[in-house]
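Trainee: Below is one structure. I have some questions about it.
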2 protein chains.
Amino acid sequence: MTSSDEYLLIKAAFKQPVERTPVWVMRQAGRYLAEYREVRDKAGSFLSLCYNPELAAEVSVQPLDIIGVDAVIMFSDILTPLVGMGVELDFMPGPVLANPIKNQRDIDHLHPLIPEKSTSYVGEILRLIRQQISGRAPVIGFAGAPFTLACYMIEGGNSKLFSKTIKFFFNEQKLAHQLMEKLTTMTIEYLNYQIENGAQMVQLFDTWAGILSPDDYKSFVFPYVSRIFESLNGTGVVPKVYYINGSNHLLEIMSGTGADVIGLDWKCDIQTVKQQIGHKVALQGNLDPNVLFCNPEIIKEKVLEILTKFGSESGHIFNLGHGIDKNVNPEHLKEMVKAVKENSKRDC
Amino acid sequence: MTSSDEYLLIKAAFKQPVERTPVWVMRQAGRYLAEYREVRDKAGSFLSLCYNPELAAEVSVQPLDIIGVDAVIMFSDILTPLVGMGVELDFMPGPVLANPIKNQRDIDHLHPLIPEKSTSYVGEILRLIRQQISGRAPVIGFAGAPFTLACYMIEGGNSKLFSKTIKFFFNEQKLAHQLMEKLTTMTIEYLNYQIENGAQMVQLFDTWAGILSPDDYKSFVFPYVSRIFESLNGTGVVPKVYYINGSNHLLEIMSGTGADVIGLDWKCDIQTVKQQIGHKVALQGNLDPNVLFCNPEIIKEKVLEILTKFGSESGHIFNLGHGIDKNVNPEHLKEMVKAVKENSKRDC
């Protein structure tokens, strides 16, 4: 079995020399793969797949063999640990959370997560993945960040405008901080449980935090995310990645959270961002997910642009700037991975 | 009748001294007003209202009296001029464009806009507004910017991911530039027609251009927007405003388009942006539209934050960072306008 510090992914995350840029893709275990859709049909539903360790481990491993990525991310959803706090969750097909958070009582009803009790399936998924791939690649765990989870809990599901969330955070600041506290504690427990059970890198998804101005981000998000990163086990061994979509106005602040790696969307210029925060953190990203709908020559050209912009130093993990779309042709993703592997070789 | 250069709005747009910060709101003639909904019901549909000069002028003027804003923006939609190029447009209720652009033939079918023929209702709306308000406030005209119009034309309506648009622009670059050429010519004709008919400031809405990286924006958008601004009549008299949502990564480039004013979303920090581009352009914005769902004290607090961040120099037009939501209580908008007026007084 490969020792964790020998993986390209782990070395790049800690900005240690690597022979080429590692590559994986957000939502790589997903619907664009026929093999995934087959297993999901077997599971019956998205949630049944999340709760079934054998099948979840199977879809997690698929992109390693089919696509040739450099890491396996466990298959799960950021919302499932909320069930362990007393939230009623369903997917039809978008997430629906019964009893959205409105007041003190709703927050008081949330109880602490006991991961080994409520999310034991996640521990099992991680152990199964580690067994099945026997060291061929590192395994990534993940969690939703408190603000993004709060958005779902207040809106009751997806939202376009997040009006209820902003109204709650601004009108009910004390309650908002109470909710963030509870979610922060939960996230620390949950990610440490994943690390104990085999996660070799962890990513915190704060997808929606980009709707906040820098000042509001500093008040409502930064202290909690920082606390999560300082409370995780495995400092210096298990890299911590922090991702926000639409984060260009927040990058400077994000780079001070204690994350080892900042995950970029596709809109920002990775060269500019590297100049701005690259001395503090490694960068992950940042191909436009829509490029995978283009011709192979365009895919290669756009991959090269990003590799060139980042340059030959270590500290870059190639990825999309957002999750892969379900309608992408897997052959196109293979082209992307091949282009990264062939065009990022260097002496180290 | 007030001369155009005496309006707070016009003076602030050209960074001339003003006694207080002017304020208006994107989509201020809209569904949040019961008075608007009444007129729209009379018109029968959204499109009928766009095409009915008397009723469109009536809803345009409503917020001047009801809310007390400092400008009247003509009621219209960015997509209606496309009908004059041969596009079939409907709203049910979101925009639906028949025969989305896919190939050379689709682009060849688009014919030049003759504004006095196809959009004479817009000329009439502007003249009616000018008559009705007899100089009490300046009148704002507007158009959709070519890239944003292209998004609608390629997707066939609204989109979340803009996959077709990106695929078209990257795979079919020659066609994409042809489409941008045609839309640029149209937009110049259309905005100059509005200026001839009484528009005293014009805003170019490039709502979706924020999905592009700086490099792609430079290739596909910047040259066209710059050409529009340099081709408009009334330089130095009719201020030109340029707005993109999610533009933090593009602000530096946007400030070189020739726009007099850059319209900001609510996510960027207006103090930071002022340091970055405030020496070149005036700034418009940038209250979070969701703040209008909060308590009056919060609204006032957030208005003050923005006024303080911008500081006491001229060159600021207060606005939301995006259009006002239909569920906002008009009393809350009045609170916002009042807070701007009362807290931005200065000697000039």
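Trainee: Considering the stretch A:1-12 alone, what residues qualify as being crowded, with 21+ Cβ neighbours inside 10 Å and without any contact (Cβ under 8 Å) to a residue 12 or more places away in the chain?
Mentor: None; the set is empty.
Trainee: Given the stretch A:1-99, what helices (runs of 4 or more DSSP H) lie entirely inside it while holding 3 or more residues that are under 29 Å from A:Lys117 (Cα atoms)?
Mentor: Of the helices (runs of 4 or more DSSP H) lying wholly inside the stretch A:1-99, those with at least 3 residues that are under 29 Å from A:Lys117 (Cα atoms) span A:34-43, A:46-51, A:53-66, A:80-83.
Trainee: Surrounded by fewer than 20 Cβ atoms within 10 Å (Cβ to Cβ) and over 26 Å from B:Ala12 (Cβ atoms) - does that describe any residue in the stretch B:68-77?
Mentor: Yes, there is a match, as at least one residue in the stretch B:68-77 is surrounded by fewer than 20 Cβ atoms within 10 Å (Cβ to Cβ) and over 26 Å from B:Ala12 (Cβ atoms).
Trainee: Counting only residues that are assigned to a loop (DSSP other than H, G, I, E, B), within 14 Å of another protein chain (Cβ to nearest Cβ) and within 22 Å of A:Asp77 (Cβ to Cβ), which one in the stretch A:207-239 is modelled with the lowest pLDDT?
Mentor: A:Thr207
Trainee: Has the stretch A:268-285 got any residue that is buried (at least 22 other Cβ atoms within 10 Å of the Cβ), among the aliphatic types (A, V, I, L, M) and part of a loop (DSSP other than H, G, I, E, B)?
Mentor: yes
Trainee: The conditions are (1) in contact (Cβ under 8 Å) with a residue 40 or more places away in the chain; (2) in contact with a helix residue (DSSP H, G or I) (Cβ under 8 Å, 6 or more places away or on another chain), and B:Ser45 fails exactly one of them. Which is it?
Mentor: Checking B:Ser45 against (1) in contact (Cβ under 8 Å) with a residue 40 or more places away in the chain; (2) in contact with a helix residue (DSSP H, G or I) (Cβ under 8 Å, 6 or more places away or on another chain), the one that fails is (2).
Trainee: Moving on to the next point. Quick one: which helices (runs of 4 or more DSSP H) lie wholly within the stretch A:141-200 and hold at least 3 residues that are within 14 Å of chain B (Cβ to nearest Cβ) and free of Cβ contacts under 8 Å to residues at least 12 places away in the same chain?
Mentor: In the stretch A:141-200, A:163-171 are the helices (runs of 4 or more DSSP H) which contain 3 or more residues that are within 14 Å of chain B (Cβ to nearest Cβ) and free of Cβ contacts under 8 Å to residues at least 12 places away in the same chain.
Trainee: Going through the stretch A:146-166 one residue at a time, which ones are hydrophobic (A, V, I, L, M, F, W, C) and either buried (at least 19 other Cβ atoms within 10 Å of the Cβ) or on the phi > 0 side of the Ramachandran plot (or both)?
Mentor: Across the stretch A:146-166, the qualifying residues are A:Phe147, A:Leu149, A:Ala150, A:Cys151, A:Met153, A:Ile154, A:Phe162, A:Ile166.
Trainee: Would you be able to tell me the number of residues in the stretch A:215-229 that are of a type outside the set (Phe, Trp, Tyr) and closer than 12 Å to A:Gly258 by Cβ?
Mentor: Looking only at that region, the number is 5.
Trainee: Would you check which residues across the stretch B:119-136 are surrounded by fewer than 24 Cβ atoms within 10 Å (Cβ to Cβ) and over 21 Å from B:Lys182 (Cα atoms) and list them?
Mentor: B:Tyr121, B:Gly123, B:Glu124, B:Arg127, B:Leu128, B:Arg130, B:Gln131, B:Gln132, B:Ile133, B:Ser134, B:Gly135, B:Arg136
Trainee: Hey, any hits in the stretch B:12-21 for a residue that's within 21 Å of B:Gln131 (Cα to Cα) and of a type outside the set (Lys, Arg)?
Mentor: Among the residues of the stretch B:12-21, not one is within 21 Å of B:Gln131 (Cα to Cα) and of a type outside the set (Lys, Arg), which makes the answer no.
Trainee: Across the stretch B:177-225, which residue is nearest to the chain's Cα centre (by Cα) among those that are closer than 23 Å to B:Leu161 by Cβ and among the charged types (D, E, K, R)?
Mentor: Looking at the filtered set, the residue picked out is B:Asp206.
Trainee: For A:Ile324, are the conditions met, namely being surrounded by 24 or more Cβ atoms within 10 Å (Cβ to Cβ), in a loop (DSSP other than H, G, I, E, B) and not basic (Lys, Arg)?
Mentor: yes
Trainee: (1) in a helix (DSSP H, G or I); (2) without any contact (Cβ under 8 Å) to a residue 60 or more places away in the chain: which one isn't true of B:Ile125, the others all being true?
Mentor: Failing condition for B:Ile125: (2).
Trainee: Can you find a residue that is of a type outside the set (Asp, Glu), within 30 Å of A:Leu307 (Cβ to Cβ) and surrounded by 16 or more Cβ atoms within 10 Å (Cβ to Cβ) anywhere in the stretch A:82-104?
Mentor: Scanning the stretch A:82-104, I find no residue that is of a type outside the set (Asp, Glu), within 30 Å of A:Leu307 (Cβ to Cβ) and surrounded by 16 or more Cβ atoms within 10 Å (Cβ to Cβ), so the answer is no.
Trainee: I need every pair where a residue in the stretch A:25-42 that is without any contact (Cβ under 8 Å) to a residue 60 or more places away in the chain has its Cβ under 6 Å from the Cβ of a residue that is among the aromatic types (Phe, Trp, Tyr), sequence separation at least 6 or different chains.
Mentor: The qualifying pairs are A:Ala29/A:Phe75.
Trainee: A:Leu292 is checked against (1) surrounded by 22 or more Cβ atoms within 10 Å (Cβ to Cβ); (2) part of a loop (DSSP other than H, G, I, E, B) and fails just one. What number does that condition carry?
Mentor: (2)
Trainee: Also, I was wondering about something else. Scan the stretch A:81-90 and tell me whether some residue there is within 26 Å of A:Asn290 (Cβ to Cβ) and in contact (Cβ under 8 Å) with a residue 24 or more places away in the chain.
Mentor: The answer is no; no qualifying residue exists.
Trainee: Please determine, by comparing only the residues of the stretch A:312-327 that are touching a Pro at 6+ places or on another chain (Cβ under 8 Å) and not polar (S, T, N, Q), which one is nearest to the other protein chains (Cβ to nearest Cβ).
Mentor: A:Asp325
Trainee: Being surrounded by 24 or more Cβ atoms within 10 Å (Cβ to Cβ) and more than 18 Å from A:Ile244 (Cβ to Cβ): is that true of A:Ala209 here?
Mentor: No: the conditions fail for A:Ala209.
Trainee: List every residue pair whose Cβ atoms sit under 6 Å apart, with the two residues 6 or more apart in sequence or on different chains, where the first one lies in the stretch B:273-298 and is away from chain A (no Cβ under 11 Å) and the second, anywhere, is surrounded by fewer than 24 Cβ atoms within 10 Å (Cβ to Cβ) and among the basic types (Lys, Arg).
Mentor: B:Ala282/B:Lys15
Trainee: Next up: Got a sec? Which of A:Lys302, A:Lys309, A:Lys334 is surrounded by fewer than 24 Cβ atoms within 10 Å (Cβ to Cβ), touching a strand residue (DSSP E or B) at 6+ places or on another chain (Cβ under 7 Å) and either within 9 Å of chain B (Cβ to nearest Cβ) or modelled with pLDDT of 95 or more (or both)?
Mentor: Result of the check over A:Lys302, A:Lys309, A:Lys334: A:Lys302.
Trainee: Name, by its number, the condition in (1) buried (at least 16 other Cβ atoms within 10 Å of the Cβ); (2) out of contact with any Gly (no Cβ under 7 Å at 6 or more places or on another chain) that does not hold for B:Lys15.
Mentor: Only one criterion in (1) buried (at least 16 other Cβ atoms within 10 Å of the Cβ); (2) out of contact with any Gly (no Cβ under 7 Å at 6 or more places or on another chain) is unmet by B:Lys15, namely (2).
Trainee: Continuing with this model, one more query. Across the stretch B:245-263, what is the total count of residues that are within 11 Å of chain A (Cβ to nearest Cβ) and either surrounded by fewer than 19 Cβ atoms within 10 Å (Cβ to Cβ) or farther than 17 Å from A:Asn290 by Cβ (or both)?
Mentor: Result for the stretch B:245-263: 7.
Trainee: Against the definition (under 23 Å from B:Lys160 (Cα atoms) and among the basic types (Lys, Arg)), how does A:Lys174 come out, yes or no?
Mentor: no
Trainee: Additional query: For the stretch B:42-67, give me each residue that is among the hydrophobic types (A, V, I, L, M, F, W, C), in contact with a strand residue (DSSP E or B) (Cβ under 8 Å, 6 or more places away or on another chain) and surrounded by fewer than 19 Cβ atoms within 10 Å (Cβ to Cβ).
Mentor: Scanning the stretch B:42-67 gives B:Phe46, B:Leu47.
Trainee: Right, next: From the residues in the stretch B:245-266 that are assigned to a loop (DSSP other than H, G, I, E, B) and touching a residue at least 60 places away in the same chain (Cβ under 8 Å), which one is farthest from A:Leu161 (Cα to Cα)?
Mentor: In this case the residue turns out to be B:Asp260.
The values are calculated or read from the model by the stated rules, or taken from the named source; none is laboratory data. Source: prediction; values computed, not measured. Quick reminder, even Gly has a Cβ in these numbers, built from the backbone with ideal geometry, and neighbours come from all protein chains shown.
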